[in-house]
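What follows is one structure encoded as structure tokens, with my remarks underneath.
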Amino acid sequence: MNRLSAGWLCMSANALSERWREELTFRQFVAEVRQRNPRTLDLHWRPQHLFLGRQSLDFLGRFEYLAVDFRTLCRKLNASGELPEANKTRRDPGVLRNLADAPLSELRTLAGFPEYSWFYTPDLAAEVGKLYEQDIRQFGYQSKRPALKPETARAA
């Protein structure tokens with residue numbers, strides 16, 4: 001992640017690099033990103049359509065379906081290959097609450113990383129939707145909200 005603006009967490013750049021590691025929440029991150037010019041964002045956060053321009057695609061692989069899309073691409077290219085699984089993110093299925101306002105220091109204490117949808121509230125989903133509106137439309141993404149099973153919801 002590029003350094004976020006020095007003014008929004010603290011005044012000193014040294015203090016910023018230490019404090020944002022402990023205090024930054026997803027809600028704060030989204031607010032900061034929304035204030036910036038999308039063309040100047042770190043490559044990780046930059047809207048994808050800015051990389052492609054008006055380039056048409058005949059195949060769009062998604063990280064969410066990496067293995068399946070890799071096999072599809074191999075078939076389309078008449079190629080063979082394997083996609084080994086490495087560095088897989090451990091998930092924490094025990095997180096049953098929204099994490100939009102959880103600081104990084106709390107997230108580091110979890111047994112694994114929660115699914116991305118646990119970071120979104122309806123208002124944050126709308127804000128991120130505005131930021132990535134063209135990507136969502138151009139690449140056919142749809143919003144997915146976490147669904148609690150009735151027995152899980154009661155146990156929480």
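Around D69, under 11 Å between beta carbons, what's the net of Lys plus Arg minus Asp minus Glu among the other residues?
Surrounding charge for D69 is +3.
Given H placed on each backbone N at 1.01 Å, which residues far from R91 in sequence or on other chains put an amide H within less than 5 Å of it?
Hits under the 5 Å cutoff: F113.
Once you sort the root eigenvalues of the Cα gyration tensor of segment 21-147 as a ≥ b ≥ c, which label holds: rounded (a/c under 1.5), prolate (a/b larger than b/c) or oblate (the other case)?
oblate
Take the Cβ-Cβ distance between R108 and T72 as r, set R0 to 30 Å, and report the resulting FRET efficiency rounded to the nearest 0.05.
FRET efficiency, R108 to T72: 0.25.
Bear in mind these aren't lab numbers, they're just calculated from the coordinates by the rules spelled out. If you're wondering where the values come from, they're calculated on a predicted model, not measured in any experiment. Ideal geometry is used to build each Cβ from the backbone, glycine not excepted, and the neighbour counts take in all protein chains shown.
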